[in-house]
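Asks: Submitted below is the structure of interest, expressed as C-alpha cells.
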Amino acid sequence: MDTRGWPAAPVAAGDLARALRPFGESTMLPAAAYTSPEVLAWERRYLFAGTWISPGRVEDLFPPGVTQRGLVVGDIPVLLTGDGDADIRAFANTCRHRGHELLPDGGTADRHSVVCPYHAWVYGLDGDLHGAPGFRDLPGFQPGEYRLVPLPARVWHGWLFVNATADAAPFEEHLGEMAGLVAPYAPQRLRLAGRHRYPVRANWKVVVENYHECYHCPLIHPELCRVSPPTSGENYDLPGAWVGGAMDLRDHAETMSLSGRSGGVFLSGVDTRRVLYLGLFPNLLVSLHPDYVMTHRLEPRAPDQTDVYCSWYVPPEVADASYAVDFWDLTNRQDMAACESVQRGLSSPHFRPGPFAPNEDAVHRWVALVGRAYQGTPPWVGSTD
Ligand code: FES
Ligand SMILES: [Fe+2]
C-alpha cells in the first residue's frame, strides 16, 4: 500500500475536524470546500490527477480511426494512444523537446505516429522517439532518453482509468471490493443506449453527496418512491476508495422505471430485487440495476459548476431503453435542481455545516474520505475504518 501523503488542502483545520468526527457527531464539509477556487485547484491535482480517473469508455475515446487523443485529467495534460481498443496507453501530453502539447485538450488524430506540432518530433504510439529533425548527426543524442513519459492506465469493464500523477496506489487497491460487486453485471458486454449531459450550477461534491442518500427521496422523488422504498437503503463497509449501498425494489417493481416494468432484458447472475448505488472516488457513480447499468461521470468546471454525464448501458439485444432513460432523466433533473439550491444556500454568509441524519451514513463516509484527503491522506489509505 502506498502511504505517501499529500499536502493539506486550503481548508481551515478546525472546520475539517468537525466534519471528521464519528458518525452522529460529524457535520458536512465547510463552505470553502464547495465554493473556493483554491480548494478546487487542490482537488484537481490531488483528488483527480492524483488518483484514478475515468475519462470515459474506450469505445467513446477511440472511435474507429482515432489513434490518439489529448485531454486534461485533473490539472495534468494527458495523451492517450491506442489502435481500436488494443494496447491503450497513457502518456504525459508534454513533448520531450520543449514541452509543447502533442495534441490540444479534446483534440484527436488518426496517424500511427505522434507528431509534435511545434518542431515535428515524432513518437510511436508506444511513446518511443522515432525522429527529431536536425538531431540525426548530433553527437551524444540518444533518442531512448526522450521517450514520452508513460502514465498508469487500466481498462476496467470497458472504462479507461488513468492516474495522471503516476504515483497513486495500484488500481486494484483503489477499487477494493467494489470490483466484486460490479463484476456480475459485466458492463463491458453492454452497449450505450443513451447519454445526457447535465450542466449543474453546483459543486461536484454536492452532486456526489446527493447521490449517497435517499433522505431527500420522499420530498423530491415521488416517482422513485413508487418503485423503491426510500427507507430501504443499506450501505456497504468494505475496502476500497468508494462509498455505496443497495436499495430494494418494491414487490410490484421489476426495475427502476416509471411503471416499475422493465422494457429490456434481465442480466444473468445479478440480484434482481435490488439496485446498487456505488460511488467510486472521486467522480464516477455506478448504478447497477437488474436490467441495465447507469453511470454518472462528474467533471468539475468551476467551484459552483459541474458537467454531469449520465450514460445508460443495456444488453445489445435491447433496442429501446427509453423506460430506463426517461425514469432517470426525470429523477436526475429533480436531483440537479436540489443540488443547485444547496449550492446557493451554502454560498450564503449564514451557512453553517449541519449534522447528518441516521440514514445519511453514506454521505458521512464520503465526507470522511474527502476530509481525510484534505488533511493529506489519500483515499486508499485506511478507507475501511
Ligand atoms: S516542443 Fe515538441 S518538437 Fe519542439
Ligand atoms: Fe435523488
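Asks: Calculate the FRET efficiency for Arg195 and His97 from the Cβ-Cβ distance with a Förster distance of 51 Å, rounded to the nearest 0.05. Can you show the working numbers first?
Replies: Details: r = 38 Å, r/R0 = 0.74.
With R0 = 51 Å, the Cβ-Cβ based efficiency is 0.85.
Asks: Further question on the same structure: Given the rule -39500 (n - 2.57) for each run of at least 4 DSSP H residues, summed and divided by the residues of the chain, what is its mean residue ellipticity at 222 nm, to the nearest 500 deg cm²/dmol?
Replies: Values: 11 runs with 90 residues, N = 385.
Result for the chain, helices only: -6500 deg cm²/dmol.
Asks: For every other residue with a beta carbon closer than 9 angstrom to the beta carbon of Glu213, add +1 if it is Lys or Arg and -1 if Asp or Glu, then tell me the sum. Intermediate values should be presented prior to the final figure.
Replies: On the way: positive: none; negative: Glu209, Glu360, Asp361.
Net charge around Glu213: -3.
Asks: Sticking with this structure for a sec: At 18 Å minimum axial length over the Cα atoms and a Kyte-Doolittle cut of -1.0, report the qualifying DSSP H helices in the chain, or say none. Mind dumping the intermediate values first?
Replies: Details: long enough: 322-346 (35 Å, -0.39); 361-375 (21 Å, 0.00).
Passing helices, by number: 322-346, 361-375.
Asks: Keeping the other protein chains in place, figure out the carbon and sulfur percent of the accessible area of the chain, with a 1.4 Å probe. Intermediate results must be reported in sequence, preceding the final value.
Replies: Working: 8320 of 15870 Å².
Percent of accessible area from carbon and sulfur atoms in the chain: 52.
Asks: Compute, for Met336, the solvent-accessible surface of its heavy atoms (probe 1.4 Å) with the complete set of protein chains present, and express it in square angstrom to the nearest 10.
Replies: Accessible surface of Met336 is approximately 20 Å².
Asks: Assign one of three labels to segment 1-84, namely rounded, prolate or oblate, based on the Cα gyration tensor with a ≥ b ≥ c the square roots of its eigenvalues; rounded applies when a/c is under 1.5, prolate when it is not and a/b is larger than b/c, and oblate otherwise. Could you put the intermediate results ahead of the total?
Replies: Details: a/c = 2.79, a/b = 2.63, b/c = 1.06.
Prolate, because a/c is 1.5 or more and a/b exceeds b/c.
Asks: Another question, then. Please work out how much length the chain gains when fully extended from Arg261 to Cys225, using 0.36 nm per residue of separation minus the C-alpha to C-alpha distance, in nm with one decimal.
Replies: Numbers: separation 36, 0.36 × 36 = 12.96 nm, distance 1.45 nm.
Gain in length upon complete extension: 11.5 nm.
Asks: Now, a different point. Taking the simple approach of a point 7 Å from Cα along Cα-to-Cβ for both Leu330 and Asp167, what is their distance in nm?
Replies: Simple spin-label model gives 5.0 nm for this pair.
Asks: Magnitude of the Cβ-charge dipole of segment 56-157, K/R +1 and D/E -1, about the Cα centre, nearest 20 debye? Don't skip to the answer; put the middle values down first.
Replies: On the way: 9 positive and 13 negative charges, 44 e Å.
Roughly 220 debye for segment 56-157.
Asks: Please say if the chain is rounded, prolate or oblate, where rounded means a/c under 1.5 for a ≥ b ≥ c the square roots of the C-alpha gyration tensor eigenvalues, and otherwise the choice is prolate for a/b larger than b/c and oblate otherwise?
Replies: In terms of gyration-tensor shape, oblate.
Asks: In the chain, what cysteines have no partner Cβ closer than 4.7 Å?
Replies: That list is Cys225, Cys310, Cys339.
Asks: Using the heavy atoms of the protein chains alone and a 1.4 angstrom probe, what is the accessible area of segment 138-228 per residue in square angstrom?
Replies: Details: 3860 Å² over 91 residues.
Solvent-accessible surface per residue comes out at 42 Å².
Asks: Assuming R0 = 51 Å, can you tell me the calculated FRET efficiency for the pair Glu145 and Ser232, based on Cβ-Cβ distance, to the nearest 0.05?
Replies: Working: r = 59 Å, r/R0 = 1.16.
Once rounded, the FRET efficiency stands at 0.30.
Asks: Right, next: Highest mean first, how do 275-285, 196-206, 121-131, 216-226 rank when packing is the count of other Cβ atoms within 10 Å averaged over residues? It would help to have the intermediate numbers written out before the result.
Replies: Values: 275-285: 23.1, 196-206: 20.7, 121-131: 17.9, 216-226: 15.6.
Output ranking for 275-285, 196-206, 121-131, 216-226: 275-285, 196-206, 121-131, 216-226.
The values are calculated or read from the model by the stated rules, or taken from the named source; none is laboratory data. Being a predicted model, the structure only gives us computed values, none of them experimental. Note that each Cβ is placed from the backbone with ideal geometry, even for glycine, and that neighbours are counted across all protein chains shown. Surface accessibility is based on the protein's heavy atoms, side chains included, excluding ligands, DNA and RNA. Shrake-Rupley method; radii C 1.70, N 1.55, O 1.52, S 1.80 Å.
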